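What follows is a single structure, written as structure tokens, with notes after it.
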Amino acid sequence: MVDWNGRALVESQWLADNMDDPELRIVDASVIMTRRDSGAWVPTSGRDDYDAGHVPGAQFIDLRTELQDREAALSLMLPTPENFAAEISAKGIGDGHMVVVYASAVPWWASRLWWMLKANGHDKVAVLDGGLKKWRDEGRVITSDTPNFAAAAFTPKQRPEMIADKARVQAALAAAGGTVINALSPQLHRGESDLGYGRPGRIAGSVNLSALALIDQNTGAYLAEEQLRRSVAGKLGEIGGEVICYCGGGIAATMDALVLDLLGHEQVAVYDASLSEWAADDSLPMETG
């Protein structure tokens with residue numbers, strides 16, 4: 001069994017020390033984002049970057065094509081448990097495997113797969129702190145070799161409590177003690193810029209905890225736990241009861257969810273459709289300022 005402390009983050013030295021363990025699966029979940037003139041961000045595959053060089057033993061999983069609900073009206077939605085299990089099993093990831101996920105650019109693609117696995121009942125998963133950037137900066141080995149794993153048996157045990165929809169967001173906003181958190185930048189939260197979802201601003205009544213403010217901008221690693229604790233307390237105050245994280249499309253929100261998990265919060269969900277759904281529906285309240 002892989003010697004892991006159960007935390008949502010693992011350090012590069014830990015991965016270097018454990019990467020030959022047959023029970024370990026390393027995943028590059030990189031997605032490249034390109035901004036259109038309209039302001040909207042378009043995701044494209046990170047496979048070319050993976051092919052150019054990756055952590056030894058890592059395989060590539062494309063969250064855009066292999067792990068999204070192809071029947072959903074919105075892009076990048078969580079697949080059905082059965083479809084998720086089929087894709088993960090085909091990648092050689094089974095119930096007994098420890099999964100370490102990283103991304104080559106912004107870390108929310110890694111946290112997205114972390115959340116998807118957790119939401120499907122797989123607890124043995126962590127994100128490589130600092131991702132590929134920190135790994136490279138430390139002068140660690142990079143390879144273009146591609147591993148080949150036999151199919152494994154992954155059993156989905158979906159946790160509905162980790163997956164929020166708009167009705168649950170509305171209920172949380174109406175209930176005392178519920179917290180709805182926007183993981184986008186302060187500028188987007190205030191409505192000073194627009195991601196092209198139809199209406200600028202935030203879900204009315206939500207609070208802001210910018211995902212990118214949770215990492216060191218030089219190393220790409222998450223802030224130390226005590227810094228994260230102070231940051232969350234400073235932005236959100238005392239959190240009690242259920243927490244629902246959202247963003248533009250349920251990706252950056254998973255970074256907030258990961259940090260709250262690190263800090264010991266147990267009732268944390270992600271609004272998968274996020275502003276892609278909410279802002280497009282004029283009946284749902286938004287605010288700016």
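The values are calculated or read from the model by the stated rules, or taken from the named source; none is laboratory data. Small disclaimer: the values here were computed from a predicted structure and weren't measured. All Cβ positions, even for glycine, are placed from backbone atoms using ideal geometry, and neighbour counts span all protein chains on display.
For the stretch 226-260, taking the residues that are part of a helix (DSSP H, G or I) and hydroxyl-bearing (S, T, Y), the one that is nearest to the chain's Cα centre (by Cα) is identified as T254. Every listed requirement among (1) assigned by TED's automatic domain parsing to the domain that holds W14; (2) part of a loop (DSSP other than H, G, I, E, B); (3) over 21 Å from L76 (Cα atoms) is met by T219 save one, (1). Tell me, yes or no, whether the stretch 143-154 has at least one residue that is outside any helix (DSSP H, G or I) and under 23 Å from the mean Cα position of the chain (by Cα). Yes, there is a match, as at least one residue in the stretch 143-154 is outside any helix (DSSP H, G or I) and under 23 Å from the mean Cα position of the chain (by Cα).
Restricting attention to the stretch 27-35, does a residue exist that is under 19 Å from G248 (Cα atoms) and free of Cβ contacts under 8 Å to residues at least 60 places away in the same chain? Yes - at least one qualifying residue is present in the stretch 27-35.
Every residue in the stretch 83-101 that is touching a residue at least 40 places away in the same chain (Cβ under 8 Å) and among the charged types (D, E, K, R), please. K91, D95, listed by residue number. Whenever a residue of the stretch 225-248 is outside the structural domain of H265 (by TED's automatic domain parsing), it has no partner that is small (G, A, S) and surrounded by fewer than 14 Cβ atoms within 10 Å (Cβ to Cβ) lying with C-beta atoms less than 6 angstrom away and at least six residues away or across chains. Taken together, A90, A73, A29 contain a single residue that is of a type in the set (G, A, S) and within 16 Å of the chain's Cα centre (by Cα), which is A29.
Could you tell me whether any residue of the stretch 161-169 is within 20 Å of the chain's Cα centre (by Cα) and assigned to a loop (DSSP other than H, G, I, E, B)? Checked the stretch 161-169: at least one residue is within 20 Å of the chain's Cα centre (by Cα) and assigned to a loop (DSSP other than H, G, I, E, B). Criterion applied to S193, S185 was being of a type in the set (S, T, Y), under 27 Å from V106 (Cα atoms) and surrounded by fewer than 16 Cβ atoms within 10 Å (Cβ to Cβ), and the one residue passing it is S193. Considering the stretch 1-59, and only residues there that are polar (S, T, N, Q) and over 29 Å from L262 (Cα atoms), the residue that is modelled with the lowest pLDDT turns out to be S38.
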